[in-house]
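What follows is a single structure, written as structure tokens, with notes after it.
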Amino acid sequence: MSTATPSRQPVTGTAAAPRTRRPLLLDLYGTAVGKKYAMAISGIALMGFVLFHMIGNTKMYLGAVELNEYAEFLKKLLYPLAPKESVLWILRAGLLGMLALHLHAAWSLTVLNRHARSVRYQSARDYQEASLASRSMRLSGIVVLLFIVWHLLDLTFGVVNTVGADGEFVRSEVYANVVRSFERWPVALFYVVANLLLGLHLTHGAWSIFQSLGWNNPRFNAWRTAFARGFAAVVVIGNISFPIAVTIGIVSV
């Protein structure tokens, strides 16, 4: 007696397509931990910029020649190996990229936190223990972003700057452009207020960097606080001194 071989049934389903693996860094950024790392790293880059930008601008106190020569030096970074101003624009693009990453990480972390806790709860004690800097991060971040946009339009592109005697904005006349801008008291006041809020943002941000990177041993909390406050104070005092110096006549054309 022969045994018939059962016929093979047709396949009715379709095989699942293999999942395309994303790059490791994108997978990491998709997690809350990865976004915190991104905020910390981009925050460090932005902190370095605001510090050295402030230090460079102190050449304003040495006169027009010194500040204008410093601006020309920045345009000639790695020149003639690289075209004039090319390195400067690469640095600017990198900073804008760090800013965009910082903003996106902050926004996406907020969304993740809201989804993880659909019912918002905050006790009175939690609110009292939160510092002014931490509570104002969103407001200070928005104002600082607006300040950056104004700063670029004012002193980089000259769109909202006053003009010189020839009726044109001359980018190479950095010292005169700064003085003409800060001679308008509403602009000077805006710079002061924006930098005070920048100080609050830096205070909490510099303190949080250590926590985001896992360096949050309670034994170092006092050191972290001193560093955050000290760094913010240096940047803010330096920055607000510029519009004040022009307003009261210490610096003039």
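The values are calculated or read from the model by the stated rules, or taken from the named source; none is laboratory data. Here the structure is a predicted model, which is why all the values come from computation and not from measurement. Please note: Cβ atoms are built from the backbone with ideal geometry, for glycine as well, and neighbour counts cover all protein chains shown.
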Scan of the range 198-237 for residues that are surrounded by fewer than 19 Cβ atoms within 10 Å (Cβ to Cβ) and under 14 Å from residue 132 (Cβ atoms), ordered by number: 225, 229
Complete set of residues in the range 238-252 that are surrounded by 13 or more Cβ atoms within 10 Å (Cβ to Cβ) and among the hydrophobic types (A, V, I, L, M, F, W, C): 240, 242, 244, 245, 246, 251
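Inspect all residues belonging to the range 178-186 and state whether any of them is surrounded by 19 or more Cβ atoms within 10 Å (Cβ to Cβ) and over 25 Å from residue 140 (Cα atoms). So that I can check it myself, show each step before the final result.
Of all residues in the range 178-186, those surrounded by 19 or more Cβ atoms within 10 Å (Cβ to Cβ) come to 178-182.
Filter once more, keeping what is over 25 Å from residue 140 (Cα atoms): 179-180.
Checking the range 178-186: at least one residue is surrounded by 19 or more Cβ atoms within 10 Å (Cβ to Cβ) and over 25 Å from residue 140 (Cα atoms).
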Look through the range 34-52, keep the residues that are over 12 Å from residue 106 (Cα atoms) and of a type outside the set (Phe, Trp, Tyr), and return whichever of them is nearest to the chain's Cα centre (by Cα). 46
Boolean, residue 56 is surrounded by 14 or more Cβ atoms within 10 Å (Cβ to Cβ) and at pLDDT 95 or above: yes
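Rundown of residues vs (1) assigned to a loop (DSSP other than H, G, I, E, B); (2) of a type in the set (S, T, N, Q); (3) touching a helix residue (DSSP H, G or I) at 6+ places or on another chain (Cβ under 7 Å); (4) modelled with pLDDT of 95 or more, yes/no style:
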| residue | (1), (2), (3), (4) |
| --- | --- |
| 188 | no, no, yes, yes |
| 204 | no, no, yes, no |
| 207 | no, no, yes, no |
| 211 | no, yes, no, no |
| 225 | no, yes, yes, no |
| 236 | no, no, yes, yes |
| 241 | no, yes, no, yes |
Does residue 35 count as at pLDDT 85 or above and either farther than 30 Å from residue 241 by Cβ or exposed (fewer than 11 other Cβ atoms within 10 Å of the Cβ) (or both)? yes
Scan the range 78-95 for residues that are surrounded by fewer than 12 Cβ atoms within 10 Å (Cβ to Cβ) and either polar (S, T, N, Q) or part of a loop (DSSP other than H, G, I, E, B) (or both) and report the count. 3
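Tell me which residues, restricted to the range 204-253, are of a type in the set (Phe, Trp, Tyr) and out of contact with any Lys or Arg (no Cβ under 9 Å at 6 or more places or on another chain). Show your work before the answer.
Initial filter on the range 204-253 (of a type in the set (Phe, Trp, Tyr)): 207, 210, 215, 220, 223, 227, 231, 242.
The answer is 220, 223, 227, 231, 242.
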Filter pass, residue 106 being in a helix (DSSP H, G or I), aliphatic (A, V, I, L, M), surrounded by 12 or more Cβ atoms within 10 Å (Cβ to Cβ) and in contact with a His (Cβ under 9 Å, 6 or more places away or on another chain): no
